[in-house]
Amino acid sequence: MKMEKIIVSVQWCDKNFGASLSENVPGAVVLTAGTYEELQREVPETLRFHIEGMIEDGDDVPQWLRDGEYEIEYNLVDVPTLLHVYGPFVTLAAISRATGINQRQLSHYANGIKRPRAQQRQRIVDGLHKIGRELLTVE
């Protein structure tokens with residue numbers, strides 16, 4: 001049986017991570033957390049609490065949601081979010097070396113001062129993948 005997928009859209013918002021759940025979850029579910037790890041811990045708890053509340057209120061809740069037959073997928077919606085999620089593990093200097101994008105420019109992206117074009121976003125993602133591949137070679 002194919003599991004239903006719940007997409008969690010994550011965005012960096014004024015020194016916090018904010019998240020909202022996809023439209024296949026009835027009702028509005030929005031939450032914030034200080035770190036991405038904290039957000040990932042909070043999402044399943046918040047979702048369970050939301051489902052319990054809807055059931056108690058007599059709302060129409062899809063059976064797959066009642067039965068917990070879903071998987072959660074996180075979508076980092078923009079470059080500032082991407083850079084803040086991986087910032088604890090990879091410095092802007094390292095990303096700059098891997099991408100060829102000026103560190104100051106990356107800082108502007110991370111702080112929302114400038115918005116990168118799609119091509120620049122892809123360079124950042126590719127640079128993070130490159131760094132990850134290098135780390136996987138460590139023995």
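Among the residues of region 78-111, those that are not in a helix (DSSP H, G or I) and not charged (D, E, K, R) comprise Gly87, Pro88, Phe89, Val90, Thr91, Gly100, Ile101, Asn102, Asn111. For region 9-39, the candidate set comprises residues that are surrounded by 15 or more Cβ atoms within 10 Å (Cβ to Cβ) and aliphatic (A, V, I, L, M); within that set, the residue that is farthest from Asn111 (Cα to Cα) is Val25. Being open to solvent by 50 Å² or more (accessible area, probe 1.4 Å), among the hydrophobic types (A, V, I, L, M, F, W, C) and at pLDDT below 95 is a description that applies to Val77. Annotation note: of Val25, Val61, Val8, the sole residue that is aliphatic (A, V, I, L, M), farther than 23 Å from Ile113 by Cα, out of contact with any Pro (no Cβ under 6 Å at 6 or more places or on another chain) and free of Cβ contacts under 8 Å to residues at least 40 places away in the same chain is Val61.
Within region 59-112, count every residue that is of a type in the set (S, T, N, Q) and within 17 Å of Gln40 (Cα to Cα). Count: 2. With the structure loaded, tell me whether Gly127 is open to solvent by 30 Å² or more (accessible area, probe 1.4 Å), under 19 Å from the mean Cα position of the chain (by Cα) and among the small types (Gly, Ala, Ser) or whether it fails that test. Answer is no for this residue. When region 40-71 is limited to residues that are in contact with a strand residue (DSSP E or B) (Cβ under 6 Å, 6 or more places away or on another chain) and within 15 Å of Glu4 (Cα to Cα), the one that is surrounded by the fewest Cβ atoms within 10 Å (Cβ to Cβ) turns out to be Glu71.
Would you check if Gly53 is among the small types (Gly, Ala, Ser), assigned to a loop (DSSP other than H, G, I, E, B) and over 16 Å from Glu73 (Cβ atoms)? No. State whether one or more residues within region 120-129 are in a helix (DSSP H, G or I), within 18 Å of Leu21 (Cα to Cα) and of a type outside the set (Lys, Arg). Within region 120-129, not a single residue is in a helix (DSSP H, G or I), within 18 Å of Leu21 (Cα to Cα) and of a type outside the set (Lys, Arg).
The values are calculated or read from the model by the stated rules, or taken from the named source; none is laboratory data. The shown structure was predicted, so the numbers you read here are calculated from the model rather than taken from an experiment. Please note: Cβ atoms are built from the backbone with ideal geometry, for glycine as well, and neighbour counts cover all protein chains shown. Protein only, heavy atoms only, side chains kept; ligands, DNA and RNA dropped before computing areas. Shrake-Rupley method; radii C 1.70, N 1.55, O 1.52, S 1.80 Å.
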